[in-house]
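Engineer: I'd like to ask some things about the structure below.
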Amino acid sequence: MPDYRIFEAGEVVLQSGLTYRRARLAYKTYGALDAARSNVIVYPTSYGAQHYDLEWAIGEGKALDPSKYFIVIMNKFGNGLSSSPSNTPPPFDRARYPHFTMTDNVRVQQRLLQEVFGIRRDGMGQAAKEMAPSSPANN
């Protein structure tokens, strides 16, 4: 039984213009979301890494303290847990797997925060805005 959840993003239009069907974004949470939804830390994985690789930084007294913060680790597309060449059905499996840009990843991560946790983009802070400079909300 996996220790993470899957956000079923459905059809995602990639920055390249390609529509990727049945996109799945794996994520794991630590801590509790406060009533104001103001204690969220989003910690995306690097390409190829999985949430397990980041757990060393999470714990009481550490920088990512789940007794203070609601930490959401997002597994990027292509890392084997989220939609990836190894778990995508034809015609986009293996070598035909489409290129997901950082913007593609951030857009789906923003959707997850809004649709699953009710966290609106404008409350996500400057870092998220800087990660997706081509987002319509930033233009």
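Engineer: Can you report the number of residues in the stretch 69-105 which are touching a Lys or Arg at 6+ places or on another chain (Cβ under 7 Å), over 17 Å from Tyr52 (Cβ atoms) and in a loop (DSSP other than H, G, I, E, B)?
Structural biologist: So in the stretch 69-105, the residues touching a Lys or Arg at 6+ places or on another chain (Cβ under 7 Å) come out as 73, 82-83, 85, 105.
The next check asks that each one be over 17 Å from Tyr52 (Cβ atoms); those that pass are 83, 85, 105.
Subsequent filtering for residues that are in a loop (DSSP other than H, G, I, E, B) retains 83, 85.
Summing the residues that are touching a Lys or Arg at 6+ places or on another chain (Cβ under 7 Å), over 17 Å from Tyr52 (Cβ atoms) and in a loop (DSSP other than H, G, I, E, B) in the stretch 69-105 gives 2.
Engineer: Scan the stretch 47-68 and tell me whether some residue there is surrounded by fewer than 14 Cβ atoms within 10 Å (Cβ to Cβ) and under 13 Å from the mean Cα position of the chain (by Cα).
Structural biologist: Scanning the stretch 47-68, I find at least one residue that is surrounded by fewer than 14 Cβ atoms within 10 Å (Cβ to Cβ) and under 13 Å from the mean Cα position of the chain (by Cα), so the answer is yes.
Engineer: Here's another thing I want to ask about it. Do we find that Pro98 is modelled with pLDDT under 95 and more than 18 Å from Ile6 (Cβ to Cβ) in this structure? Even if it seems obvious, please write down each step before you answer.
Structural biologist: Values: modelled with pLDDT under 95: yes; more than 18 Å from Ile6 (Cβ to Cβ): yes.
Yes: the conditions hold for Pro98.
Engineer: Search the stretch 7-46 for residues being of a type in the set (Val, Ile, Thr) and free of Cβ contacts under 8 Å to residues at least 40 places away in the same chain, and hand back the single one that is nearest to Ile71 (Cα to Cα). Before the answer, list the steps.
Structural biologist: At the first step, the residues of the stretch 7-46 found to be of a type in the set (Val, Ile, Thr) are 12-13, 19, 29, 40-42, 45.
The next check asks that each one be free of Cβ contacts under 8 Å to residues at least 40 places away in the same chain; those that pass are 13, 19, 41, 45.
Working: Val13: 27, Thr19: 30, Ile41: 5, Thr45: 13 Å.
The residue in question is Ile41.
The values are calculated or read from the model by the stated rules, or taken from the named source; none is laboratory data. These figures come from a predicted structure and were not determined experimentally. All Cβ positions, even for glycine, are placed from backbone atoms using ideal geometry, and neighbour counts span all protein chains on display.
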